[in-house]
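Accompanying notes for the structure given below.
The values are calculated or read from the model by the stated rules, or taken from the named source; none is laboratory data. Note that the coordinates shown come from a computational prediction; the quantities given were computed from them, not determined experimentally. Cβ atoms come from the backbone with ideal geometry, glycine included; neighbour counts cover every protein chain shown. Remember, those area values only see protein heavy atoms, side chains included, never the ligands or the DNA or RNA. Shrake-Rupley method; radii C 1.70, N 1.55, O 1.52, S 1.80 Å.
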Amino acid sequence: MAGCRADEPRVVIHFSEVPFAQQLAGLDQGLYDLGFAPSDHVGRGIVAERAWQDPIHVVLPTGHPLLAMEIIPLSEVGHGRPACR
């Protein structure tokens, strides 16, 4: 944001958090120029492009059976003992 402001000081940028459905409606009605969303299911007339992707990390205790797997299926995460008691 600082770089954008330095390059284009006359461009005004406002951030606001709205529910996903309201965001889609606002984009469709021209109230917003763009939005960040957790989904690419946005309907007709709106284009969704991935902005970035963060890998998911799983923290396991030493000796846990899942450590034998190179890639842990997401379906296996959270099974077993609860993390908090």
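Between D33 and E49, the simple label model (points 7 Å from Cα in the Cβ direction) yields a spacing of 1.4 nm. Since only Q22, G78, A6 are under comparison, the one whose Cα sits farthest along the positive direction of the charge dipole of the chain, derived from C-beta charges on Lys, Arg, Asp and Glu, is G78. The residues of the chain expose, per residue, 97 Å² of accessible area to a 1.4 Å probe. Computed from phi, the 3J(HN,Hα) profile of the stretch 46-62 under the Karplus parametrisation 6.51, -1.76, 1.60 (θ = phi - 60°) reads 10, 9, 10, 10, 5, 8, 6, 9, 9, x, 8, 10, 10, 9, 10, x, 3 Hz, with x in place of Gly and Pro.
Run the accessible area of the chain with a 1.4 Å probe and give the carbon-and-sulfur part as a rounded percent.
Here carbon and sulfur together make up 56 percent of the probe-accessible area.
Magnitude of the charge dipole for the chain, about its Cα centre and with charges confined to Cβ atoms of Lys, Arg (+1) and Asp, Glu (-1), is about 300 debye. Residues in the stretch 13-29 carry Karplus couplings, in order, of 10, 10, 10, 8, 9, 9, x, 3, 4, 5, 4, 4, 5, x, 5, 5, 8 Hz; the curve used is 6.51 cos²θ - 1.76 cosθ + 1.60 with θ = phi - 60°, and Gly or Pro positions show x. Across the alpha-carbon set of the chain, the Rg to Rh ratio works out to 1.16, Rh being the Kirkwood radius.
Taking each DSSP H run with n ≥ 4 as -39500 (n - 2.57) and averaging over every residue of the chain yields -4500 deg cm²/dmol at 222 nm.
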